[in-house]
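Structure, as structure tokens:
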Amino acid sequence: MQNWPKLLSPRTDTPGAKDAHVEEFIIEMIKESDQKSQHNFLAGLGSLEKYTIDKYDHSFIECTPQQKFAVLKHFEDKATYSIGILNKINNKFLGTPFFNKLKELTVEGYCTSQLGATQGMAYNYIPVKFEACLPLQQNQKAWATK
């Protein structure tokens, strides 16, 4: 999960996913997906809410940041198998697991939003030259170029 929780955490010196309205992006992307993907995602949301209520006696929205992280970590651990071929088979026949889809859409929505691309990352709309691999300095933002 590495840096992904930073997108869900409250705003710091850069805007978070809430500031970028990533939830609206996720809803639109799910609405435009096929029925199997919609069903998997909605079932995953139901499972997340049920797990949270069973574990903490309240909904995910009411959880503390630490509880939210623990719930997301639980679903991340459940989303993949340690044997890679099983993940491919699972994705092929059952579709992308809920957590993986949520994570993918959150990152995509944030990185392609104006706030994410211009304030969360270092945006260079007219690159001078292409350099494929550049080492990042300590606390340097990742680049976002369209």
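The values are calculated or read from the model by the stated rules, or taken from the named source; none is laboratory data. Just so it is clear, the model here is predicted, and its values are computed rather than measured. Note that we place each Cβ from the backbone using ideal geometry, even for glycine, and neighbour counts take in every protein chain shown.
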Can you pull out the residues in region 22-57 that are outside any helix (DSSP H, G or I) and either over 19 Å from Asn90 (Cα atoms) or not acidic (Asp, Glu) (or both)? Glu32, Ser33, Asp57
Quick one: in region 71-99, which of the residues that are among the small types (Gly, Ala, Ser) and either in contact with a Ser or Thr (Cβ under 7 Å, 6 or more places away or on another chain) or free of Cβ contacts under 8 Å to residues at least 12 places away in the same chain (or both) is farthest from Gly46 (Cα to Cα)? Gly84
Pick from region 1-32, criterion at pLDDT 90 or above and either in contact with a helix residue (DSSP H, G or I) (Cβ under 7 Å, 6 or more places away or on another chain) or surrounded by 17 or more Cβ atoms within 10 Å (Cβ to Cβ) (or both), ranking: nearest to Gln119 (Cα to Cα): Val22
Of the residues in region 37-71 that are within 19 Å of Leu105 (Cα to Cα), touching a helix residue (DSSP H, G or I) at 6+ places or on another chain (Cβ under 8 Å) and small (Gly, Ala, Ser), the one that is surrounded by the fewest Cβ atoms within 10 Å (Cβ to Cβ) is Ala43
Please enumerate the residues belonging to region 44-57 that are hydrophobic (A, V, I, L, M, F, W, C) and under 18 Å from the mean Cα position of the chain (by Cα). Leu45, Leu48
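Could you identify the single residue in Thr118, Thr112, Thr106 that is of a type in the set (Val, Ile, Thr), surrounded by 15 or more Cβ atoms within 10 Å (Cβ to Cβ) and under 29 Å from Gln140 (Cα atoms)?
Answer to the check: Thr106.
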Candidates Tyr81, Tyr110 - the one that is part of a helix (DSSP H, G or I) and either over 12 Å from Ala17 (Cα atoms) or within 15 Å of the chain's Cα centre (by Cα) (or both): Tyr110
Inspect all residues belonging to region 58-74 and state whether any of them is more than 19 Å from the chain's Cα centre (by Cα) and not in a helix (DSSP H, G or I). yes
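Any chance region 89-97 includes a residue that's in a helix (DSSP H, G or I) and closer than 30 Å to Lys141 by Cβ? First the steps, then the outcome.
Start the filter on region 89-97 by keeping residues that are in a helix (DSSP H, G or I), which leaves 89-94.
Applying the additional criterion that residues be closer than 30 Å to Lys141 by Cβ yields none.
Checking region 89-97: not a single residue is in a helix (DSSP H, G or I) and closer than 30 Å to Lys141 by Cβ.
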Please go through (1) at pLDDT below 85; (2) under 16 Å from the mean Cα position of the chain (by Cα) for Leu86 and return the number of the only condition it doesn't satisfy. (2)
